[in-house]
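What follows is a single structure, written as structure tokens, with notes after it.
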Amino acid sequence: SLNIKPQARLFDGIANNSYVYFVHSYMAHCKDENLVAYTDYGTTKVTALVQNKNVIGCQFHPEKSGMVGHKILLAFKEMVEC
């Protein structure tokens with residue numbers, strides 16, 4: 001489940017703790033100011049989505065994350081079209 005920072009535009013309309021599809025074969029670390037969402041994996045905080053200006057990267061698979069993933073992809077599309 002995602003722990004979403006309140007200012008994350010990409011997640012407008014998506015509830016905190018929504019489930020998305022992860023495949024954990026590696027883990028990225030980032031600066032806190034770039035962290036948009038994370039998940040708790042045992043006792044470890046795993047980066048789920050980062051953003052720096054107009055560059056966004058996610059560790060999970062939105063295309064495999066059901067309706068939540070669909071909403072994220074639509075939000076990304078809207079951000080690109082602006």
inquiry  = Assuming 0.36 nm per residue, please report the length gained on full extension of the stretch Asn17 to Lys45 beyond their Cα-Cα distance.
reply    = 8.7 nm
key: the chain - Rg (one decimal) and Dmax (whole number), Cα, Å   = 11.9, 39
query = Given a 1.4 Å probe, how much area per residue of the chain is accessible, in Å²?
reply = 69 Å²
ask   = With contacts defined as alpha carbon pairs under 8 Å and 6 or more residues apart, what's the relative contact order of the chain in percent?
value = 30 percent
key: Residue-span extension gain [Asn52 to Ala28] - 0.36 nm each, minus C-alpha spacing   = 7.2 nm
request  = Leaving ligands, DNA and RNA out of it, report the carbon-plus-sulfur percent of the accessible area of the chain at a 1.4 Å probe.
outcome  = 54 percent
key: Folded to 0 to 90 degrees: helix 66-81 orientation relative to the chain principal axis, Cα   = 50 degrees
query = Across the chain, how many lysine pairs, 8 or more apart or on two chains, come within less than 25 Å at their alpha-carbon atoms?
reply = 14
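The values are calculated or read from the model by the stated rules, or taken from the named source; none is laboratory data. Note that the coordinates shown come from a computational prediction; the quantities given were computed from them, not determined experimentally. Ligands, DNA and RNA are excluded from the accessible area calculation, which covers all protein heavy atoms including side chains. Shrake-Rupley method; radii C 1.70, N 1.55, O 1.52, S 1.80 Å.
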